[in-house]
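To start, the structure itself, in structure tokens.
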Amino acid sequence: MQLPTDVRITEVGPRDGLQNEPQNLPTAHKIDLIRQLAAAGCKEVEATAFVSPKAIPNLADAAEVMRGTAGLGITRFALIPNAKGYGRALDAGADGITLVMSATDSHNRKNLNQTVAESMAELAPLAARARDDGLAARLSISMVFGCPFEGDPGLERIRAIVDRMAGHGFTRIGLCDTIGIASPQQVHDRVSRLVQEFAGLEFELHFHDTYGRGLANVLAGLEAGVTRFDSCVGGLGGCPFAPGATGNIATEDLVSMLDASGVRTGVDLDGLLAASDFLDAQLDTRIQSNRWQVHNAQRQLRKAA
Ligand code: COA
Ligand code: ZN
């Protein structure tokens, strides 16, 4: 196989992982989690979201989380849906913004109460603002490989969004499989085409493991030439506005697979497992990562011995 020597991971646990959990972590524990992820070598962490607290009550403490995690030497992204979110993220000291929109009108309406065209119009000027304000910026497109309401949006719709937003200065574009429906062949075909057509852009992939295809899709993405991936400590996560959506690919599974394949990530597996131990202790949710399950079983055996 032709694998890259290095892969860059954006850890989305504090945002995607926690946004839909039945239990909300106290703010101090969210800050602690981000510190642990930084200590494990995560260079980019999506720390929170500046969205309506009515839409995502768990992340209503976004400003406190941002302020509490300054100075860690990492890039803390904040997910934002609109210009209001941009202002809040900037005030709170975010280092980067993830601008979110969907490929389909039906999901975009449920998630953001806007059409795709309205979201593009609102988000487009924020690329230039982020550049002026010195913030890293990535555009994140949900439902690129399938939508629970409309099925596969098809390559043309994705290409049109990418083309338009690249024209406004976005250079980092996330292709997101929010409902985990993508298949390796589809990822390979779609992403290869986009990578070839938009050679100046940096694509990143965001997979959920709903159908157990997450890591297979990572391999398909690597084959297509992508070297940036989102993943979530403990494999938590899911979008409350996408029925049936479950966890992201687990960062510890991604790092474990890449480590074993000789691909560097700069992230320390033991540090990630410790962060998942912390989440396991704080939340009732089952940690959704194969690597952590092994780690936990070995620990139980050692205790019993
Ligand atoms: N942060 C905080 N509050 C916000 C906000 C933001 N980014 N954007 C809007 N609001 C507030 C408005 O000020 C207004 O407050 P008020 O009722 O006190 O006057 C209220 O939300 C409604 O504003 P409106 O512009 O009519 O928004 P809406 O009701 O159409 O909701 C979004 C649109 C985008 C704000 C909302 O759907 C949202 O936050 N979605 C995010 C969903 C999400 O995070 N999904 C998971 C990640 S993909
Ligand atoms: Zn997600």
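The values are calculated or read from the model by the stated rules, or taken from the named source; none is laboratory data. Note that this is a predicted model, so its numbers are computed, not measured. Every residue, glycine among them, receives a Cβ derived from its backbone with ideal geometry; neighbour counts consider all protein chains shown. These area figures cover heavy atoms from the full protein model, side chains too; ligands, DNA and RNA do not enter into them. Shrake-Rupley method; radii C 1.70, N 1.55, O 1.52, S 1.80 Å.
Placing +1 on the Cβ of every Lys and Arg and -1 on the Cβ of every Asp and Glu, with no other charges, gives the chain a dipole of roughly 220 debye about its Cα centre. For a straight C-alpha distance cut-off of 12 angstrom, the aspartates and glutamates reachable from LYS30 (same-chain residues fewer than eight places away being disregarded) are GLU46, ASP61, GLU64.
Here the chain has 50 percent of its accessible surface on carbon and sulfur atoms, given a 1.4 Å probe and all protein chains in place. Per the Debye formula with a single identical scatterer at each Cα and no solvent contribution, what log10 I(q)/I(0) holds for the range 5-107 at q = 0.17, 0.24 Å⁻¹? Treating every Cα as an identical point scatterer, log10 I(q)/I(0) equals -0.72, -1.35. Charged neighbours of ALA242, selected by a Cβ distance under 11 Å, balance to 0 (K, R count +1; D, E count -1). For the pair ASP133 and ASP259, the difference between a 0.36 nm per residue extended length and the Cα-Cα distance amounts to 41.8 nm. Modelled spin labels at GLN298 and GLN196, positioned 7 Å past Cα toward Cβ, are 4.3 nm from each other. Using the membrane-span-like helix rule (whole DSSP H runs, Cα extent along the own axis of at least 15 Å, mean Kyte-Doolittle hydropathy at least -1.0), which helices of the chain qualify? Going by DSSP H runs, the hits are 27-39, 154-167, 269-282.
Per residue, the range 8-304 exposes an accessible area of 38 Å² to a 1.4 Å probe, with every protein chain left in place. Estimated purely from DSSP H runs of n ≥ 4, each contributing -39500 (n - 2.57), the mean residue ellipticity at 222 nm for the chain is -13000 deg cm²/dmol once divided by its residues. Ignoring lysines fewer than eight residues from LYS54 along the same chain, the ones with Cα atoms less than 17 angstrom from its Cα are LYS84, LYS110. Charge tally for SER140 (other residues, Cβ to Cβ under 11 Å; Lys, Arg +1; Asp, Glu -1): -1. Considering only the Cα atoms of the chain, their convex hull presents on average a projected area of 14.7 nm². Dimensions of the range 156-303 from C-alpha coordinates, computed as largest minus smallest value along each principal axis and given longest first, are 57, 36, 28 Å.
Ordering TRP292, ALA275, GLN185 by Cα displacement along the dipole of the chain toward the positive end leaves ALA275 in first place; charges were set at the Cβ atoms of Lys, Arg (+1) and Asp, Glu (-1). Label separation (GLN185 vs ALA83): 4.6 nm, computed from points 7 Å beyond Cα along the C-beta direction.
What does the charge count around GLY71 come to, taking other residues whose C-beta lies under 14 Å from its C-beta (Lys +1, Arg +1, Asp -1, Glu -1)?
+2
For a label point 7 Å from the Cα of ARG8 along Cα→C-beta, name the residues of the range 147-166 whose backbone N is under 19 Å from it. 166, by backbone N distance to the label point.
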